[in-house]
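Enquirer: Below is a structure I'd like to ask you about.
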């Protein structure tokens, strides 16, 4: 985290403590003065970190009290550029790795346009099944360009956030993206993975996320069981 802005360093510390349960729902965070003293940061820097946590839906401000930890909402912010773990909260999310990261050629019918460097480099392919409160909700297929990611196939992704691994180990940050979504009839495989009822449709999403690295995009195909969860986005 050496190269991160000061506010971002504090944000990362507080965010991790909230998502790992060090700070529980309803807990009061240390005051701006206390955080400023402990982390030797100015109050505007501390305030910037707290405002970012508010935007992520991890805390809310209450007049006369301060910053209070909130439970991630039942609605899931998958329409934002935040990752699933950030949108749901790691305390409520479990991940099974169906296909460990493996280097391969890009699919011929890939739905997004690739840069020349991405095309030449091949991709890192992985599949994950993600549970919210013990129920399968996301079947997540990822394609990453095989650049900037030394030894990523050797890392464990079990119950871990892909975005966190990219951010902490490879300094790759999400800065924007595009996506398409529609309701589709699931295949037998997807119906079984997501425990869908006969005839129940599934929400299908294609996402291309832009990062701070040139010629490096994150490509995701997501099947989402929306029976008990809505999705939302902030614009």
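Enquirer: Scan segment 166-185 for residues that are part of a strand (DSSP E or B) and closer than 14 Å to residue 209 by Cα and report the count.
Expert: 7
Enquirer: Quickly run through segment 136-160 and pick out the residues that are assigned to a loop (DSSP other than H, G, I, E, B), closer than 25 Å to residue 194 by Cα and modelled with pLDDT of 85 or more.
Expert: 156, 157
Enquirer: In segment 174-191, how many residues are at pLDDT below 90 and either out of contact with any strand residue (DSSP E or B) (no Cβ under 6 Å at 6 or more places or on another chain) or not assigned by TED's automatic domain parsing to the domain that holds residue 209 (or both)?
Expert: Matching residues across segment 174-191 total 0.
Enquirer: Also, I was wondering about something else. Can you name every residue in segment 28-61 that is on the phi > 0 side of the Ramachandran plot and surrounded by fewer than 18 Cβ atoms within 10 Å (Cβ to Cβ)?
Expert: 40
Enquirer: Would you confirm whether any residue within segment 87-108 is part of a loop (DSSP other than H, G, I, E, B), at pLDDT below 90 and not assigned by TED's automatic domain parsing to the domain that holds residue 176?
Expert: no
Enquirer: Looking at residue 130, is it without any contact (Cβ under 8 Å) to a residue 40 or more places away in the chain and under 20 Å from residue 99 (Cα atoms)?
Expert: No.
Enquirer: What pairs can you find where one residue is in segment 48-62 and free of Cβ contacts under 8 Å to residues at least 12 places away in the same chain and in the same structural domain as residue 35 (by TED's automatic domain parsing), the other is crowded, with 18+ Cβ neighbours inside 10 Å and assigned to a helix (DSSP H, G or I), and their Cβ atoms are less than 9 Å apart, with a gap of 6+ or different chains?
Expert: 51/7; 61/50
The values are calculated or read from the model by the stated rules, or taken from the named source; none is laboratory data. Keep in mind that what you see is a predicted model, and the values were worked out from it rather than measured. Neighbour counts are summed over all protein chains in view; Cβ atoms, including those assigned to glycine, are modelled from backbone coordinates with ideal geometry.
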